[in-house]
């Protein structure tokens with residue numbers, strides 16, 4: 001069955017980029033955590049919880065590559081991570097998804113338990 005919007009529409013759809021970034025739970029949690037303040041690697045591990053140091057490092061590198069997070073050396077050679085202006089543009093969509101989860105999370109859980 002052919003896509004009603006035409007062939008190849010989803011191939012080049014900008015939604016794919018957004019989903020690629022936001023589908024990774026660690027990326028979303030890192031962006032959310034950095035939305036409040038710049039953080040050191042160890043702080044992020046503690047705030048996020050459940051993420052290994054290696055996975056966090058990989059996530060931070062990927063977010064840096066995408067231009068969403070920057071790594072800065074502060075006083076006493078402390079390395080901090082902070083959102084770039086581009087990264088800050090994701091805070092509102094993440095907040096919207098968070099609001100949705102608060103409103104409908106129980107319904108999703110009920111559906112999952114009912115299957």
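Per-structure values
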read-out	value
Test: residue in region 38-57 that is at negative phi, modelled with pLDDT of 95 or more, assigned to a loop (DSSP other than H, G, I, E, B) and surrounded by fewer than 11 Cβ atoms within 10 Å (Cβ to Cβ)	yes
Cβ-Cβ under 7 Å pairs, at least 6 apart or on other chains, region 45-63 side without any contact (Cβ under 8 Å) to a residue 40 or more places away in the chain, far side exposed (fewer than 13 other Cβ atoms within 10 Å of the Cβ) and in a helix (DSSP H, G or I)	45/53
Restricting region 94-113 to residues that are closer than 24 Å to residue 46 by Cα and in contact with a helix residue (DSSP H, G or I) (Cβ under 9 Å, 6 or more places away or on another chain), the residue that is surrounded by the most Cβ atoms within 10 Å (Cβ to Cβ)	94
Those residues of region 61-91 which are exposed (fewer than 10 other Cβ atoms within 10 Å of the Cβ) and either part of a helix (DSSP H, G or I) or at pLDDT 95 or above (or both), in sequence order	65, 75, 76, 77, 85
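The values are calculated or read from the model by the stated rules, or taken from the named source; none is laboratory data. Because the structure is a prediction, the values reported are computed rather than measured. All Cβ positions, glycine included, derive from the backbone under ideal geometry; neighbour counts span all protein chains shown.
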